[in-house]
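Data first, discussion second: the structure below is written as structure tokens.
The values are calculated or read from the model by the stated rules, or taken from the named source; none is laboratory data. Everything numeric in this text was worked out from a predicted model, so none of it was measured. Cβ coordinates were reconstructed from backbone atoms using ideal geometry, including for glycine residues, and neighbour counts include every protein chain displayed.
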Amino acid sequence: MALVNRWYRILDTLIAQHSVTLEDLRADLNVSMHTLQKSIEQLNDLLDADIQIRQRGNQLFLEVYDYARLEDIMAGSLRKESDFNSASKRCSYLIKQLIRSTSPLLIDDLAESIGVSRTTINKDLKQVKSLAKGYHIHIVGKPNHGLEIVGEELNLRLFYIHYVYSYFDSDTLTDETLDFLENLYSDFKIPRKTQELLTKVVSITIARIKRGKPLEDFIKYYTNEVKQSSFVEALIYHIAMAYQISLSQYEQDFLVFPLNTQFIDGLTYTQTHIKDLQALYQRLVKRIKETLLLSFDEERLFVEIHTHLKFLINRLIFRVQINDIFHGEIQQKYPLAFEMAKVAGEELKSHFGYQLEQSEMSYLALYFEMILHENEPASDGKKRKIAVVCTTGRGTANMIYRQLMRVLGHDIEIVQYSEEAFNPRADDDYFAIFTTVPLKFSNLKSPVIHITNLFDDQWLREEWQRVKHYHQKNLKTINLQFVRLLNSASYKDYLKQMADLLGANQLVDSDFSRRILEREEKQSTVFGNGIAFPHTVNQTQGKTILMLGLLENGLRVNNELVEFVFLVAIPQEVESQMESELLELYDDIFRIAGDDDLKDDLRKVKTQADFIALTRQKGIF
């Protein structure tokens, strides 16, 4: 990883989280501790006294004294100030020249223009070609002819936006346009990150049209719900007048895509029906249900999730990453819901060709968690006013709202603000203020809680969950079984061993073994992190059966190591209590997948009695 990119990863992490351990940051960056500490030292030297990374014990945190400087840095100033000793900047320059050129480029000319060797340029070109593949773009070259870049116009523009503007300012926009945009952003309270992206999009749109490279088709699956807003009307009029160009509907849609990747309070959105959205949603639901054998109210979920899906699809199309205010907390707290999101993500990837970021899966998981547990009773308590200040869009604010209601109970009153709309003089009479970013105000009367890993007061959630587990995990509808498996040649052999043992004990019907093997033929039940989760319907009425099969030696299946096989036999008819405990069972299986300590404890289990004792001790199953 180039040094300047590492600096930005460090800053991104410390801005998003109140604090982070040295080891967690080192692991995230995949560098040595010496390299991390050296990078922090160099970054602090650059930041001067305006911003500093401090260390207390093994915890790192960010002290900000000049927010304007921080905003300027996060807009890319450190990258723009770097020179061609940076491989990332050289790659950015090559992309810039290839996309802007009207004729093939010679490697020797490129090397001479930035003062490096031909060998260095060839090495950089390998990196550029690798990046380009992610945008379905190809760099082609012929001897004595030169290099050219080939791809659809939409993908070329996105490649330029995401890899060139980070290191090079636009030379397209006039001072008049920059002033106009600044005033427009202020009038409509557009978030800073959206401002930065939209300015880049305006620049590339004008530049490509002037070079005779227009968009010539609608953007598939894209939803433009701001086309009738006064913001967009003013923007299009300014461009037409200032640059004497006419924007087609294709160009107008592309121009404002940053406004359609999250909800912005200051804009007017017109609800648009996407013809294929319902069909896409049904594919997601079908894959989740087939993979996990879950039942939930899919119609109710669609009502809740369809707006989020529109924004998510737009982000996928335009490669826009959403801020992750959860930092892995969702995966830890709601492992089943997160697994549902991973399955949905695989279906979206097969459709759009792009891998969902963990942040996107976290947001999806929240919707799944809500629908799985929407009928949980509300807790009692005195009404208290709480403010939520959030810059990442209405959908995120609603997620935080619901999480607070879930944790603190329904007897609270919550008011939501965007960062721009929050007024510290008028809005400072709350039991607590929850915020996703550091508020730029001091001396507030209301206590401020900076949301990092879902909530700073996560211990409250953990204690509440522990009490719930104590009361709910009474094994009334779950029959636990355990077996240490003898070495077999294949994963299917292990499944047959386990199914036959259940059949011999008359816990499953005579056809269960065939069904579990047939299901494996259709879709692998190896989920990674050492676990497999084969499951199917059991036609013998009674309890849900969970059998843990512990492999004496791990087995490689599709490049994944399997040590623990959690085989689940689910009754055909599942009553409400059974369904609730089945969800808890699924949650525990996926929680074990991410908990090395629990897996170590399970490896030591010798008998079924040991297994039952461990589940009681650890509060699982």
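Tell me which residues, restricted to the range 107-140, are farther than 22 Å from Ser166 by Cα, touching a strand residue (DSSP E or B) at 6+ places or on another chain (Cβ under 9 Å) and loosely packed, with under 14 Cβ neighbours inside 10 Å.
Asp109, Val140
Take the residues in the range 284-305 that are surrounded by fewer than 16 Cβ atoms within 10 Å (Cβ to Cβ) and among the basic types (Lys, Arg); name whichever of them is farthest from Ile371 (Cα to Cα).
Selected residue: Lys286.
Hey, does the range 200-207 have a residue that's surrounded by fewer than 14 Cβ atoms within 10 Å (Cβ to Cβ) and assigned to a helix (DSSP H, G or I)? Can you show your working first?
Residues of the range 200-207 that are surrounded by fewer than 14 Cβ atoms within 10 Å (Cβ to Cβ), as a first pass: none.
Looking through the range 200-207, none of the residues is surrounded by fewer than 14 Cβ atoms within 10 Å (Cβ to Cβ) and assigned to a helix (DSSP H, G or I).
Output the residue which, of all residues in the range 46-65 that are among the charged types (D, E, K, R) and over 19 Å from Leu22 (Cα atoms), is farthest from the chain's Cα centre (by Cα). So that I can check it myself, show each step before the final result.
The first filter runs over the range 46-65 and keeps only residues among the charged types (D, E, K, R), leaving 48, 50, 54, 56, 63.
Checking the rest, the ones that are also over 19 Å from Leu22 (Cα atoms) come to 48, 50.
Values: Asp48: 32, Asp50: 31 Å.
Step by step, filter the range 46-65, then rank; the result is Asp48.
Any residue at all in the range 361-369 that is over 21 Å from Ser524 (Cα atoms) and not in a helix (DSSP H, G or I)?
So far as the range 361-369 goes, no, none of its residues is over 21 Å from Ser524 (Cα atoms) and not in a helix (DSSP H, G or I).
Would a scan of the range 478-493 turn up a residue that is under 30 Å from the mean Cα position of the chain (by Cα) and modelled with pLDDT under 90?
The initial filter retains those residues of the range 478-493 that are under 30 Å from the mean Cα position of the chain (by Cα), namely none.
The answer is no, given that none of the residues of the range 478-493 is under 30 Å from the mean Cα position of the chain (by Cα) and modelled with pLDDT under 90.
Tell me the residue from Leu364, Leu372, Leu348 that is modelled with pLDDT of 85 or more, more than 20 Å from Ala279 (Cα to Cα) and not β-branched (Val, Ile, Thr), please. Lay out the reasoning, then the answer.
On the way: Leu364 fails: more than 20 Å from Ala279 (Cα to Cα); Leu348 fails: more than 20 Å from Ala279 (Cα to Cα).
Being modelled with pLDDT of 85 or more, more than 20 Å from Ala279 (Cα to Cα) and not β-branched (Val, Ile, Thr) holds for just one of Leu364, Leu372, Leu348, which is Leu372.
Can you tell me which residues in the range 131-147 are closer than 30 Å to Glu251 by Cβ and either assigned to a strand (DSSP E or B) or within 24 Å of the chain's Cα centre (by Cα) (or both)?
The initial filter retains those residues of the range 131-147 that are closer than 30 Å to Glu251 by Cβ, namely 131-140, 146-147.
Leu131, Ala132, Lys133, Gly134, Tyr135, His136, His138, Ile139, Val140, Gly146, Leu147, listed by residue number.
When you scan the range 513-521, do you find a residue that is assigned to a strand (DSSP E or B) and touching a residue at least 40 places away in the same chain (Cβ under 8 Å), even just one?
Initially, the range 513-521 is screened for residues assigned to a strand (DSSP E or B), giving none.
No - not one qualifying residue is present in the range 513-521.
Quick check on this structure: which one of Asp297, Asp276 is out of contact with any Phe, Trp or Tyr (no Cβ under 6 Å at 6 or more places or on another chain), more than 30 Å from Ile589 (Cα to Cα) and among the acidic types (Asp, Glu)? Before you say what the answer is, go through the steps one by one.
Numbers: Asp297 fails: more than 30 Å from Ile589 (Cα to Cα).
Of Asp297, Asp276, the one residue that is out of contact with any Phe, Trp or Tyr (no Cβ under 6 Å at 6 or more places or on another chain), more than 30 Å from Ile589 (Cα to Cα) and among the acidic types (Asp, Glu) is Asp276.
Within the range 500-531, take every residue that is more than 37 Å from the chain's Cα centre (by Cα) and under 20 Å from Val605 (Cα atoms) and give me the one that is surrounded by the most Cβ atoms within 10 Å (Cβ to Cβ).
Of all residues in the range 500-531, those more than 37 Å from the chain's Cα centre (by Cα) come to 500-514.
Right, trim to under 20 Å from Val605 (Cα atoms) and you get 501-502.
On the way: Leu501: 18, Leu502: 24.
Restricting to residues being more than 37 Å from the chain's Cα centre (by Cα) and under 20 Å from Val605 (Cα atoms), the top hit is Leu502.
What residue, among those in the range 148-159 that are of a type in the set (A, V, I, L, M) and buried (at least 20 other Cβ atoms within 10 Å of the Cβ), is farthest from the chain's Cα centre (by Cα)? Spell out how you get there, then give the answer.
Filtering the range 148-159 down to residues of a type in the set (A, V, I, L, M) leaves 149-150, 154, 156, 158.
Still in the running and buried (at least 20 other Cβ atoms within 10 Å of the Cβ): 149, 154, 156, 158.
Numbers: Ile149: 30, Leu154: 23, Leu156: 24, Leu158: 20 Å.
Of everything passing the filter in the range 148-159, Ile149 is farthest from the chain's Cα centre (by Cα).
Kindly evaluate Glu196 against the criterion of being crowded, with 20+ Cβ neighbours inside 10 Å and closer than 21 Å to Ala421 by Cβ.
Details: crowded, with 20+ Cβ neighbours inside 10 Å: no; closer than 21 Å to Ala421 by Cβ: yes.
Against the criterion (crowded, with 20+ Cβ neighbours inside 10 Å and closer than 21 Å to Ala421 by Cβ), Glu196 does not qualify.
Quick one: in the range 1-34, which of the residues that are over 22 Å from Val64 (Cα atoms) and touching a residue at least 12 places away in the same chain (Cβ under 8 Å) is nearest to the chain's Cα centre (by Cα)?
The selected residue is Asp28.
Going through the range 556-586 one residue at a time, which ones are over 21 Å from Ile516 (Cα atoms), among the acidic types (Asp, Glu) and crowded, with 16+ Cβ neighbours inside 10 Å?
Hits for the range 556-586 are Glu581, Glu584.
Return the residues of the range 593-618 that are in contact with a strand residue (DSSP E or B) (Cβ under 7 Å, 6 or more places away or on another chain) and either among the hydrophobic types (A, V, I, L, M, F, W, C) or free of Cβ contacts under 8 Å to residues at least 12 places away in the same chain (or both); say none if nothing qualifies.
Answer for the range 593-618, where residues must be in contact with a strand residue (DSSP E or B) (Cβ under 7 Å, 6 or more places away or on another chain) and either among the hydrophobic types (A, V, I, L, M, F, W, C) or free of Cβ contacts under 8 Å to residues at least 12 places away in the same chain (or both): Ala593, Leu602, Val605, Phe611, Ile612.
Test each condition in (1) closer than 20 Å to Asn323 by Cα; (2) at pLDDT 75 or above; (3) touching a helix residue (DSSP H, G or I) at 6+ places or on another chain (Cβ under 6 Å) for Ile414 and report the one that comes out false.
(1)
If you scan the range 268-312, which residues turn out to be assigned to a helix (DSSP H, G or I), out of contact with any Lys or Arg (no Cβ under 9 Å at 6 or more places or on another chain) and among the polar types (S, T, N, Q)? First the steps, then the outcome.
Restricting attention to the range 268-312, the residues satisfying the condition of being assigned to a helix (DSSP H, G or I) are 277-292, 298-312.
Adding the requirement that they be out of contact with any Lys or Arg (no Cβ under 9 Å at 6 or more places or on another chain) leaves 278-289, 291-292, 299-306, 308-312.
Gln278, Gln282, Thr291 - these are the residues of the range 268-312 that are assigned to a helix (DSSP H, G or I), out of contact with any Lys or Arg (no Cβ under 9 Å at 6 or more places or on another chain) and among the polar types (S, T, N, Q).
Enumerate the helices (runs of 4 or more DSSP H) found wholly within the range 1-120, keeping only those where 3 or more residues are farther than 30 Å from Ile149 by Cα.
Working: elements: 3-16, 22-29, 33-47, 67-72, 78-81, 87-100, 107-114.
Qualifying helices (runs of 4 or more DSSP H): 3-16, 22-29, 33-47, 67-72.
May I ask you to say which residue of Phe621, Phe564 is among the aromatic types (Phe, Trp, Tyr) and touching a residue at least 60 places away in the same chain (Cβ under 8 Å)?
Numbers: Phe564 fails: touching a residue at least 60 places away in the same chain (Cβ under 8 Å).
After ruling out the rest, the residue left standing is Phe621.
State yes or no: is Thr268 out of contact with any Leu (no Cβ under 9 Å at 6 or more places or on another chain), among the hydroxyl-bearing types (Ser, Thr, Tyr), touching a residue at least 40 places away in the same chain (Cβ under 8 Å) and not assigned by TED's automatic domain parsing to the domain that holds His306? I'd like the intermediate steps shown before the answer.
Numbers: out of contact with any Leu (no Cβ under 9 Å at 6 or more places or on another chain): yes; among the hydroxyl-bearing types (Ser, Thr, Tyr): yes; touching a residue at least 40 places away in the same chain (Cβ under 8 Å): yes; not assigned by TED's automatic domain parsing to the domain that holds His306: yes.
In short, yes.
I need a count of the residues in the range 312-341 that are surrounded by fewer than 20 Cβ atoms within 10 Å (Cβ to Cβ) and under 18 Å from Tyr586 (Cα atoms).
Selection size over the range 312-341: 2.
Scan (1) at pLDDT 95 or above; (2) not assigned by TED's automatic domain parsing to the domain that holds Met241 for the single condition Tyr135 breaks and write down its number.
(1)
For the structure I just gave you, tell me whether Leu173 is of a type in the set (A, V, I, L, M, F, W, C) and not in a loop (DSSP other than H, G, I, E, B). I'd like the intermediate steps shown before the answer.
Values: of a type in the set (A, V, I, L, M, F, W, C): yes; not in a loop (DSSP other than H, G, I, E, B): no.
The answer is no for Leu173.
Got a number for residues in the range 220-267 being among the polar types (S, T, N, Q) and part of a loop (DSSP other than H, G, I, E, B)? Break it down stepwise before answering.
Restricting attention to the range 220-267, the residues satisfying the condition of being among the polar types (S, T, N, Q) are 223-224, 228-230, 244, 246, 248-249, 252, 260-262.
Restricting the remaining residues to those that are part of a loop (DSSP other than H, G, I, E, B) gives 223-224, 228-229, 244, 246, 248, 261-262.
Count: 9.
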